[in-house]
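Asker: Here you go, one structure.
Every number in this text was worked out from the coordinates using simple rules, so none of it is lab data. Just so it is clear, the model here is predicted, and its values are computed rather than measured. Cβ coordinates were reconstructed from backbone atoms using ideal geometry, including for glycine residues, and neighbour counts include every protein chain displayed.
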Amino acid sequence: MDPLTIDLHSHVMPGIDDGARGPVETVAMARGLADLGVKTLYLTPHQFKLDNHLSLVDVQRRTDDVWRMLARAGVTIEVRRGAEHYYGEDLLDAISGGDDLITFDLDGEPGLLVELPMRQPTIGVRRVGAALLQRGIRPVMAHPERTAYLSREYGRVDGWREAGWRFQLNLLSLVGQHGGAAQSLAEHMMEDGLYDYVGSDLHRPSDLPWLRRAHEAYRAATEGVVSS
Ligand SMILES: [Fe+2]
């Protein structure tokens with residue numbers, strides 16, 4: 001299957017985080033993604049960041065609302081529940097406390113999308129991955145290429161993968177939208193075949209032209225791999 005048909009990471013849900021400010025932006029972004037060929041869109045509002053502490057029930061209800069909104073607007077795209085969890089104390093407490101987590105469905109397996117702090121190195125990533133797996137949840141790391149220290153400590157990626165982590169590429173990283181360092185690291189990780197999923201991490205309709213270029217860059221890079 002074409003990986004670009006599944007967008008695992010977006011801020012298209014309206015009025016809940018720093019993404020879509022209202023239904024008009026939600027519809028515009030979903031329509032733009034559908035035009036790019038996306039068939040399944042995961043709505044992943046921030047959790048444990050920007051003071052967002054959401055419940056699973058609330059996120060599911062809001063996801064269903066978005067699906068109905070898009071159907072009324074004539075946008076053909078499947079939307080699924082998710083959340084982008086910030087790797088911090090609140091998440092670690094929720095995991096160790098056995099709390100309900102806002103998982104998403106990954107081919108019948110629950111997954112948890114987690115973003116690391118971008119500046120300071122983190123500890124315990126392998127242990128957290130193992131704890132999630134023990135609960136039957138697949139840990140998926142959002143945009144590892146945006147983690148600044150990883151270009152100096154690239155070896156960590158292998159350790160995280162061994163511990164069960166899977167990796168999601170931010171497509172916009174491929175066109176420099178997250179800076180040159182993230183672009184280089186993304187290209188490096190792609191060459192090494194380390195990405196399992198792609199996502200737009202789309203926050204606003206004005207990023208859609210960049211995303212179109214990113215889709216082209218992804219296709220060019222993956223076609224290069226196939227033909228070499
Ligand atoms: Fe995000």
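Asker: Once amide H atoms are built 1.01 Å from N in the peptide plane, which residues 5 or more positions from residue 79, or in another chain, come under 5 Å H to H?
Answerer: Answer set, sorted by chain and number: 41.
Asker: Further question: Return the Rg/Rh value of the range 3-227, two decimal places, where both radii are evaluated on C-alpha atoms and Rh is the Kirkwood radius. If you can, show how the numbers build up before the last one.
Answerer: Numbers: Rg = 16.6 Å, Rh = 17.6 Å.
For the range 3-227, the value is 0.94.
Asker: With runs of 4+ DSSP H residues as the only contributors, calculate the mean residue ellipticity of the chain at 222 nm using -39,500 (n - 2.57) per run, divided by the residue total and rounded to the nearest 500.
Answerer: Numbers: 7 runs with 87 residues, N = 228.
That comes out to -12000 deg cm²/dmol.
Asker: What does DSSP give for the range 3-227 in terms of the percent of beta bridges that are antiparallel, rounded to the nearest 5?
Answerer: Working: 4 of 26 bridges.
Looking only at bridges with both residues in the range 3-227, the antiparallel portion is about 15 percent.
Asker: Looking at the square roots a ≥ b ≥ c of the eigenvalues of the Cα gyration tensor of the range 41-167, which shape do they give, rounded for a/c under 1.5, prolate if a/b is larger than b/c, or oblate? Walk me through the numbers on the way to the answer.
Answerer: Details: a/c = 1.92, a/b = 1.70, b/c = 1.13.
In terms of gyration-tensor shape, prolate.
Asker: List the residue ranges in the chain for DSSP H helices whose C-alpha atoms run 20 angstrom or more along the long axis and whose Kyte-Doolittle average is -0.5 or above.
Answerer: Values: long enough: 56-72 (24 Å, -0.57); 208-227 (28 Å, -0.31).
Qualifying helices, which must be both long enough and hydrophobic enough, are 208-227.
Asker: Another question, then. Can you give the convex hull volume of the alpha carbon atoms of the range 139-228 per residue, in Å³? It would help to have the intermediate numbers written out before the result.
Answerer: Working: hull volume 8.3 nm³, N = 90.
Taking the convex hull of the Cα positions in the range 139-228, it is 92 Å³ per residue.
Asker: Say each of residue 72 and residue 100 gets a label point 7 Å from the Cα, pointing the same way as Cα to Cβ; how far apart are those two points in nm?
Answerer: 2.6 nm
Asker: Once each part is reduced to its C-alpha centroid, what is the distance from the range 205-222 to the range 14-83 in angstrom?
Answerer: Using only Cα atoms, the two centres lie 20 Å from each other.
Asker: Okay, next question. Where in the range 80-123 does the label zone of residue 60 land, with the point 7 angstrom along Cα→C-beta and an amide N cut-off under 18 Å?
Answerer: Output list for this probe position: 80-84, 99-113.
Asker: Would you mind classifying the range 23-79 by shape? Square roots of the alpha carbon gyration tensor eigenvalues, ordered a ≥ b ≥ c; an a/c under 1.5 is rounded, otherwise it is prolate if a/b is larger than b/c and oblate if not.
Answerer: Working: a/c = 2.21, a/b = 1.81, b/c = 1.22.
Prolate is the answer for the range 23-79, as a/c is 1.5 or above and a/b outweighs b/c.
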